[in-house]
Amino acid sequence: MERSRIAVAGASGLIGSALVRSLRADGHEVVRLVRRASRGTGEVCWDPGGQYVDAAGLIGCDAVVNLAGAGIGDRRWTAAYKREIRDSRVLGTAALAEAVAALPEPPRVFVSGSAMGFYGDTGDRAVDEDAPPGDGFLPSLCVEWEEAAAPAQEAGVRTVFTRTGLVVARGGGAWGRLFPLFRAGLGGRLGDGGQYWSFIALHDEVAAIRFLMDTEGLSGPFNLTAPQPLTNREITAAMARVLRRPALFPVPSPVLRAALGEMAGDVLGSQRVVPKRLLESGFTFAFPGIEDAIRAA
């Protein structure tokens with residue numbers, strides 16, 4: 001891509017901050033959406049809960065990337081926090097999509113975050129983008145989240161949904177919690193360890209988003225997961241090998257359910273998600289294997 005002006009919502013998050021660094025390193029102008037008064041041309045004020053975007057700040061943007069949303073695993077899933085998780089994604093996406101659609105010259109592409117939670121618990125069955133949504137809170141959230149981008153699609157803006165897996169990174173997400181435990185020798189499988197975890201290295205997550213932004217003709221949902229999902233037991237063993245620590249402390253299912261409540265169902269659930277459309281589009285993973293992804297983190 002030639003030097004471009006790109007707006008990013010969720011720019012302070014794990015994926016967003018890595019994406020901003022990558023874009024700026026290549027000379028692109030990045031406009032960050034912030035929830036306060038903007039401090040210059042590099043920021044745009046927005047209020048996702050209030051469905052407000054200062055659309056004037058998006059004028060001239062070649063792409064808009066929406067990665068904003070309250071952390072899925074940051075707190076126990078009370079009714080109030082589930083509502084916050086939903087509203088931060090659905091209302092924010094709707095506001096951005098409407099702002100994009102109303103621009104006199106809309107951007108070339110709108111990249112809207114989603115998650116592999118769309119598919120629910122798939123057990124041992126591998127699923128690609130053709131699979132229907134599953135049942136439960138996260139699948140219904142993802143359906144609403146993606147539907148909220150309709151104004152941009154209806155305005156003719158190429159719209160991409162990134163159904164992201166578990167991001168292998170040192171500084172946040174699931175692995176941000178796992179690394180300290182394993183380094184301390186306190187790591188172990190979760191439940192019986194037979195559930196599939198579909199992972200992706202942070203480097204590949206950013207590269208995939210940029211690939212989808214840059215490649216004309218690509219739209220709709222894309223699974224951002226490594227080609228070969230592994231079980232929690234296999235990933236636990238890989239963590240132990242790479243970090244050279246024992247993995248002797250499994251967390252039994254009842255303990256997880258007591259500690260996490262409803263969210264434990266998703267931690268113990270199995271999601272064997274494969275990136276069919278991404279691979280067919282010609283994307284190449286730099287860190288396709290779990291040990292490579294862990295070392296990269």
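Full extension of the chain between Arg21 and Arg76 gives 16.7 nm of extra length, using 0.36 nm per residue less the Cα-Cα distance. Applied to the stretch 20-29, the Karplus parametrisation 6.51 cos²θ - 1.76 cosθ + 1.60 on θ = phi - 60° returns per-residue 3J(HN,Hα) values of 4, 4, 5, 5, 5, 4, 9, x, 7, 8 Hz, with x for Gly and Pro. Which is the longest stretch in the chain that no exposed loop site breaks, taking sites as GluC sites (Glu not before Pro) with a DSSP loop state and at most 13 other Cβ atoms within 10 Å? Free of exposed loop sites, the longest segment is 3-215. Charges were assigned to the Cβ only: +1 to each Lys and Arg, -1 to each Asp and Glu. The resulting dipole of the stretch 140-223 about its Cα centre is roughly 560 debye.
Which parts of the stretch 53-76 would a label at Arg177 reach, counting a residue when its backbone N lies under 16 Å from a point 7 Å out along Cα-to-Cβ? Residues 70-76 qualify, since their backbone N sits under 16 Å from the label point.
Helix 79-102 and the longest principal axis of the C-alpha atoms of the chain enclose an angle of approximately 30°. Between Leu33, Ala293, Ala7, the Cα set farthest toward the positive side of the dipole of the chain (charges on each charged residue's Cβ, about the Cα centre) is that of Ala293.
Tell me, what is the FRET efficiency for Ser140 and Asp47 to the nearest 0.05, using R0 = 25 angstrom and their Cβ-Cβ distance as r? Let's see the in-between values first.
Numbers: r = 24 Å, r/R0 = 0.97.
According to the calculation, E is roughly 0.55.
The mean sequence separation of alpha-carbon pairs under 8 Å and at least six residues apart, normalised by the residue count of the chain, gives a relative contact order of 18 percent. Once both labels are positioned 7 Å from their Cα atoms along Cα-to-Cβ, the gap between Thr215 and Glu2 label points is 2.3 nm.
In this structure the amide hydrogen of Ala70, modeled in the peptide plane, comes within under 5 Å of the amide hydrogens of Ser88, Arg89, none closer than 5 places in sequence on its chain. Note on Ala37/Arg108: beta-carbon distance plugged into 1/(1 + (r/R0)^6) with R0 of 35 Å gives a FRET efficiency of 0.80. Between Asp54 and Arg241, the distance separating the two model label sites (each 7 Å from Cα on the Cα→Cβ line) works out to 5.1 nm.
Expressed as a whole percent, the accessible area of the chain that falls on carbon and sulfur atoms is 51 (1.4 Å probe). For Val30, the residues 5 or more places off, or on other chains, whose built amide H falls under 5 Å of its own are Ile6. Placing unit charges on the Cβ atoms of the charged side chains and taking the dipole of the stretch 75-210 about its Cα centre, the candidate lying farthest along the positive direction among Ala184, Leu96, Ala152 is Ala184.
The values are calculated or read from the model by the stated rules, or taken from the named source; none is laboratory data. Predicted model, so just to flag it, every value in this text is computed and none were measured. Glycine also receives a Cβ, built like all others from the backbone with ideal geometry; neighbour counts cover every protein chain displayed. Surface accessibility is based on the protein's heavy atoms, side chains included, excluding ligands, DNA and RNA. Shrake-Rupley method; radii C 1.70, N 1.55, O 1.52, S 1.80 Å.
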